[in-house]
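A quick write-up on the structure given underneath.
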2 protein chains.
Amino acid sequence: MTNDNPTACLLIIGNEVLSGRTRDANLQFLATRLGEIGIPLREARVIPDVPETIIAAVNECRARFTHVFTTGGIGPTHDDITSECVARAFGVAWEVHEPSRVAMAAEYARRDPPIEFNAARLRMATLPKGAVPIVSSETMAPGFSMENVHVMAGVPRIMRAMFEALAPTLKGGAPILSHTVHADYVYEGQIAAGLSAIQAKYPALDLGSYPYYRGKGGGVALVAKGTDLAAVDQAAAECLALLAGFGAAHEGEPAPE
Amino acid sequence: MTNDNPTACLLIIGNEVLSGRTRDANLQFLATRLGEIGIPLREARVIPDVPETIIAAVNECRARFTHVFTTGGIGPTHDDITSECVARAFGVAWEVHEPSRVAMAAEYARRDPPIEFNAARLRMATLPKGAVPIVSSETMAPGFSMENVHVMAGVPRIMRAMFEALAPTLKGGAPILSHTVHADYVYEGQIAAGLSAIQAKYPALDLGSYPYYRGKGGGVALVAKGTDLAAVDQAAAECLALLAGFGAAHEGEPAPE
């Protein structure tokens, strides 16, 4: 797919995803939402809580993509090192962000019983110099944007609130539109040549072919994606006609198993 | 965590994961199984069906990690380009693998009605020169290993069968052992300093802190990981004692919500 849209990269930071303890729940949400606002996700990486790895990934990706989103590693414990690493990646100081400190102190004092604003919690108000906080209703500790790098929590509920607080500030491109058709008992090996011919007619679109498996058999779903609605719909209609040559073809995704 | 274990990287290849259409189901399985056989996963990347991106990622990662595993992009359609890209990454020919072609032809002929062994399906028997097929019971089309790069299907059922066929041929290290403790109504900001002190005592281990949220409240789980069982258990016991200073602490993961 070739277009002038801005691009996004996601860095999922956390040993717990790489060890299999935690199944990531943020990639699919962000992929979907970024497509909707026309900043398609072009790469995602899961990286460990290792400073050199985080710093190198931030610097490589902020140069290659319009926006870099990170999830994870902004809590108060020793393995929460994303914020410090972003400061090091940008070569700026990592210092207490006074408005965030004041806001957190006020909120901690308001609780009954009051929450102690200790050194560990103060780390969550410590940001790279020049960062703009991302404030959400879900947590007292902010995420932040440092130029084109947007640092968010790993907990899905908090990440989503931070993303929705951030999204209106991002300059998106044309939304990525999608049109899916499918047919049971039709297989990729049958339609591959015809699908290649349709893809060749629509170089500005992405045509994807996805087999599915069900207890009773399987089939294939074909997905046309792009920013031009008429072209997307026309390519999907040709895919539907292609499938209909081999079986009963339908609009939309196949029913869930 | 510092040890002499071999390392693994996973490349998840497919536009459908980056668009949000498909939620990856392979990372967590492979992360868990690779930890069990002592080849811990150190990075995972989701990359699009773009030849230059795939070739660059394969070449970067096969130099940095002991093993690279790929999922996706080995079917018969135009967007299945992993195999060709691995050949290009290694600078070798991409050619019909005669034993695979013969096996697939025999299986296709055996079906009732027989399956046509057309050009699209022949692509699935086309491998980088020098590759060793990964044969599984779940599909006629093979995966393959090219030196330290192991190319598998994206469909989870097939990927798992391919991995289990491959696993006995991989030289693993010491299994990564894990011991988890948790406490409801205890929060990371309370135990951060104590946890840092435990981590400092056990530099060969990874201590992770993971908040959880439940309808009734929340808590924190602490996970000790490493290859030395006695050290893992001892660190976990210290984490349990730390948590017990703030609330009712328990062995194991918190109950699912």
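Listing for the model above:
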{"item": "Interface area, B with A, accessible, probe 1.4 Å, both sides summed, Å² nearest 100", "result": "4300"}
{"item": "Cβ-based net charge around A:H182, under 10 Å, with every Lys or Arg adding one and every Asp or Glu removing one", "result": "-3"}
{"item": "Pairs from B:K129/B:K171; A:K225/B:K171; A:K225/B:K216 whose Cα-Cα separation, in the structure shown, is over 32 Å", "result": "A:K225/B:K171; A:K225/B:K216"}
{"item": "Of all accessible heavy-atom area on the protein assembly as shown, the percent that carbon and sulfur account for (1.4 Å)", "result": "57"}
{"item": "J(HN,Hα) series, the range B:124-140, from Karplus relation 6.51 cos²θ - 1.76 cosθ + 1.60, nearest Hz, glycine and proline x", "result": "6, 9, 9, 10, x, 4, x, 6, 9, x, 10, 9, 10, 6, 8, 7, 6"}
{"item": "Length-normalised contact order for chain B - Cα pairs under 8 Å, 6+ apart - percent", "result": "18"}
{"item": "Sequence ranges A:181-192, B:209-220, ranked by mean other-Cβ count within 10 angstrom, highest first", "result": "A:181-192, B:209-220"}
{"item": "Closest Cβ on chain B to the rotation axis that carries it onto A (distance rounded to whole Å)", "result": "B:R45, 2"}
{"item": "Ascending list, in nanometres, of distances separating the A:G130 label from those of the other copies (7 Å, Cα toward Cβ)", "result": "4.5"}
{"item": "Cα long-axis angle, helix B:27-36 against chain B (0 to 90 degrees, to the nearest 10)", "result": "70"}
{"item": "Residue with peak Gaussian network fluctuation, chain A [Cα springs, cutoff 10 Å], from A:V151, A:V46, A:V68", "result": "A:V46"}
{"item": "DSSP-defined beta bridges in the protein assembly as shown - what % are antiparallel, rounded to 5", "result": "65"}
{"item": "Of B:G217, B:P168, B:H182, farthest towards positive along the dipole that unit charges on Lys, Arg, Asp, Glu beta carbons give the range B:145-257", "result": "B:P168"}
{"item": "Trypsin sites (Lys or Arg not before Pro) within the range B:159-205: DSSP coil, no more than 12 neighbouring Cβ in 10 Å", "result": "B:K171"}
{"item": "Cα-centred dipole magnitude for the protein assembly as shown, charges only on beta-carbon of K, R (+1) and D, E (-1), debye, nearest 20", "result": "160"}
{"item": "0 to 90° range, to nearest 10: angle between helix A:229-244 axis and chain A longest Cα axis", "result": "50"}
{"item": "In nm, spacing of pseudo-spin labels at A:E60 and A:A204 (7 Å Cα→C-beta vector)", "result": "3.3"}
{"item": "Long-range HN-HN contacts of A:T70 with modeled amide H, under 5 Å", "result": "A:L11, A:H150, A:V151, A:M152"}
{"item": "Acute angle (nearest 10 degrees) that the helix B:156-166 long axis makes with the longest principal axis of chain B, alpha-carbon atoms", "result": "90"}
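The values are calculated or read from the model by the stated rules, or taken from the named source; none is laboratory data. What you see is a predicted model; the values in this text were computed from it and never measured. We place every Cβ from the backbone using ideal geometry, glycine too, and count neighbours over all the protein chains shown. Heavy atoms of the whole protein, side chains included, go into the accessibility calculation; ligands, DNA and RNA do not. Shrake-Rupley method; radii C 1.70, N 1.55, O 1.52, S 1.80 Å.
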